[in-house]
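Each remark here refers to the structure printed beneath this line.
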């Protein structure tokens with residue numbers, strides 16, 4: 001398998017082309033597609049993913065509540081990519097626990113490099129240099145010809161601050177959860193969607209309300225037949241998505 005075929009199969013934030021550089025809304029994760037989902041192979045420094053607890057070896061199983069297990073490589077890549085500055089909820093498994101992180105995509109650019117000296121670009125901020133899809137820790141010692149630079153537009157920096165303040169900017173959050181009632185607190189009135197996601201990344205219940213009011217909103221549901229275990233609850237409202245993990249027993 002040649003360099004470009006391997007990258008297309010293994011890298012979610014970019015699929016390098018031999019003919020053109022690429023820009024897109026991404027989160028900054030390098031993964032290997034497995035039966036369980038997208039196994040994290042590397043994290044781009046200072047990217048949205050780098051500001052979460054997601055680490056190498058974790059497996060992303062769902063994006064915005066939709067399972068990516070068993071999906072084609074192109075489908076997973078398209079799920080992780082999207083509009084820049086748009087929040088995205090990632091459900092992942094880490095050391096046996098199913099967890100949720102909400103990040104905001106940024107505009108990433110991947111450029112092929114002839115050598116390390118070409119890495120610095122005056123109009124963009126360099127996040128990392130990759131050697132065949134792997135972050136190079138010390139660029140001074142790299143002699144590979146298979147190099148790519150990953151950049152973020154300077155106007156979007158600092159990426160770190162964007163990711164750290166995302167939770168504070170969210171306009172809705174889970175107030176309480178039981179097998180009978182889900183309560184959501186909205187900062188402003190408007191439509192909202194609540195989803196219950198299992199450890200496989202599958203949405204087992206989804207509820208939408210078109211006329212939510214500012215304050216506490218209650219959604220009745222029957223969770224009596226839902227097995228005990230860990231679940232992720234996502235709330236989408238006014239263009240933001242928040243996520244929280246719960247233990248149902």
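Within segment 191-198, does at least one residue satisfy the condition of being under 26 Å from the mean Cα position of the chain (by Cα), under 20 Å from residue 101 (Cβ atoms) and at pLDDT below 85?
Scanning segment 191-198 turns up at least one residue that is under 26 Å from the mean Cα position of the chain (by Cα), under 20 Å from residue 101 (Cβ atoms) and at pLDDT below 85.
Show me the strands (runs of 3 or more DSSP E) found entirely inside segment 203-249 where at least 2 residues are modelled with pLDDT under 90 and in contact with a strand residue (DSSP E or B) (Cβ under 9 Å, 6 or more places away or on another chain).
The strands (runs of 3 or more DSSP E) meeting that bar are 203-212, 229-237, 240-248.
So which residues in segment 10-31 are at pLDDT 85 or above and assigned to a strand (DSSP E or B), if there are any at all?
23, 24, 25, 26, 29, 30, 31
May I ask you to verify whether residue 90 is at pLDDT below 90, within 23 Å of residue 205 (Cβ to Cβ) and assigned to a strand (DSSP E or B)? Reasoning before the result, please.
Numbers: at pLDDT below 90: no; within 23 Å of residue 205 (Cβ to Cβ): yes; assigned to a strand (DSSP E or B): yes.
So residue 90 does not fit the description; no.
Does at least one position in segment 93-113 carry a residue that is loosely packed, with under 11 Cβ neighbours inside 10 Å, at pLDDT below 80 and farther than 19 Å from residue 27 by Cα?
The answer is no; no qualifying residue exists.
If you check 163, 175, 128, which single one turns out to be in a strand (DSSP E or B), surrounded by 14 or more Cβ atoms within 10 Å (Cβ to Cβ), in contact with a strand residue (DSSP E or B) (Cβ under 9 Å, 6 or more places away or on another chain) and at pLDDT below 80?
On inspection, the qualifying residue turns out to be 128.
If I filter segment 32-55 for residues that are modelled with pLDDT of 85 or more, surrounded by fewer than 16 Cβ atoms within 10 Å (Cβ to Cβ) and either more than 25 Å from residue 136 (Cβ to Cβ) or in the same structural domain as residue 204 (by TED's automatic domain parsing) (or both), do I get at least one hit?
Looking through segment 32-55, at least one residue is modelled with pLDDT of 85 or more, surrounded by fewer than 16 Cβ atoms within 10 Å (Cβ to Cβ) and either more than 25 Å from residue 136 (Cβ to Cβ) or in the same structural domain as residue 204 (by TED's automatic domain parsing) (or both).
The values are calculated or read from the model by the stated rules, or taken from the named source; none is laboratory data. Just so it is clear, the model here is predicted, and its values are computed rather than measured. Cβ sites come from the backbone with ideal geometry, for glycine too, and all protein chains shown count toward neighbours.
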